[in-house]
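Notes follow the structure.
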Amino acid sequence: MSDNKYLDEFSEEGFWSKARNFAQKAGYDVLENAIKLYYSATDDDTPKWAKTTIFASLLFYRAD
């Protein structure tokens, strides 16, 4: 378990599930940016502070 709650709460399965559920409602541009952020956050070269910010924003987004 890491010392960062956002890194602990984020899961790959959860991300793809959310992407599938909200793809049409969110639209292409939002989904494209979310996928870019996801791949940036899973890149080993991305600093931890950036991963935290990205995961927090991906967890926060809701297409209500």
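Worth pointing out:
- Listed by first and then second residue, the pairs with beta-carbon distance under 6 Å, at least 6 apart or on different chains, first residue in region 32-49 and over 15 Å from residue 11 (Cα atoms), second among the polar types (S, T, N, Q), are 46/40.
- Within region 17-48, the set of residues being under 11 Å from residue 58 (Cβ atoms) and among the aromatic types (Phe, Trp, Tyr) comprises 38 only.
- Taking first residues from region 5-29 that are surrounded by fewer than 11 Cβ atoms within 10 Å (Cβ to Cβ) and modelled with pLDDT of 75 or more and partners that are assigned to a loop (DSSP other than H, G, I, E, B) and not aromatic (Phe, Trp, Tyr), the Cβ contacts under 6 Å between residues at least 6 apart in sequence or on separate chains come to 25/63.
The values are calculated or read from the model by the stated rules, or taken from the named source; none is laboratory data. Just so it is clear, the structure is predicted and the values come from calculations on it, not from any experiment. Neighbour counts run over all protein chains shown; Cβ positions are idealised from the backbone, glycine included.
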